[in-house]
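This report concerns only the one structure given below.
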Amino acid sequence: MRKIAFALLALLPSAPAFAACPVGERPMLHVRIYFGQTEGDGKPIAASAWEDFVAATVTPRFPEGFTVYDASGQWRDLKTNAIDREPSKIIEVDRRDTQDLHVKIEEIRKTYQKHFHQQAVGLVTLPACGSF
């Protein structure tokens, strides 16, 4: 009987990360977006250009707030296969998981990718519980 129960559990869709959030918190999505700070031609992105991007593209989509911090990244160039390192910015957003959230994130990523000639803009999403 035990083997049958395990087999049935394996067939079920995976369970959500949280059965329930602690009192006072609600389910949300924790989003990290990774922005390389070197343009496609190897030129560093000016601090003023980054600030303009955040003001024009990120803030209107997340006026409630978000977090930005500096990082150092390493990645493999898709064209040359070379390993490259560059300074990066990471934006974190915690919001209810909605279709609108995903649309806003993709708009931000595509805008940055096009404007700063990026091969990719990294994205990680994690289920979370939180309150603000």
query: Going by the structure shown, is LYS89 within 30 Å of ALA20 (Cα to Cα), surrounded by 11 or more Cβ atoms within 10 Å (Cβ to Cβ) and either of a type outside the set (S, T, N, Q) or at pLDDT 95 or above (or both)?
result: no
task: Considering each residue of region 107-132, count those that are touching a strand residue (DSSP E or B) at 6+ places or on another chain (Cβ under 9 Å) and not aliphatic (A, V, I, L, M), and give that number.
output: 12
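Is it the case that region 67-78 has a residue that's charged (D, E, K, R), part of a loop (DSSP other than H, G, I, E, B) and surrounded by 14 or more Cβ atoms within 10 Å (Cβ to Cβ)? Walk me through how you get there before you give the answer.
Going through region 67-78, the residues charged (D, E, K, R) turn out to be 70, 76-77.
Restricting the remaining residues to those that are part of a loop (DSSP other than H, G, I, E, B) gives 77.
Imposing the further condition that a residue be surrounded by 14 or more Cβ atoms within 10 Å (Cβ to Cβ) reduces the set to none.
No, the conditions are met nowhere in region 67-78.
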message: For region 40-81, give me each residue that is modelled with pLDDT of 95 or more, in contact with a His (Cβ under 9 Å, 6 or more places away or on another chain) and over 16 Å from GLU107 (Cβ atoms).
response: ALA49
- request: Inspect region 93-116 for any residue being loosely packed, with under 11 Cβ neighbours inside 10 Å and over 27 Å from PHE132 (Cα atoms) and give the result as yes or no.
  value: yes
query: Quick one: in region 24-65, which of the residues that are without any contact (Cβ under 8 Å) to a residue 60 or more places away in the chain and basic (Lys, Arg) is farthest from LEU126 (Cα to Cα)?
result: LYS43
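Here is a yes/no grid of residues against (1) closer than 17 Å to THR38 by Cβ; (2) among the hydroxyl-bearing types (Ser, Thr, Tyr); (3) free of Cβ contacts under 8 Å to residues at least 24 places away in the same chain:
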residue	(1), (2), (3)
ARG95	no, no, no
HIS102	no, no, yes
TYR112	yes, yes, no
LEU126	no, no, no
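The values are calculated or read from the model by the stated rules, or taken from the named source; none is laboratory data. All values reported here derive from a predicted model rather than from experimental measurement. Note that we place each Cβ from the backbone using ideal geometry, even for glycine, and neighbour counts take in every protein chain shown.
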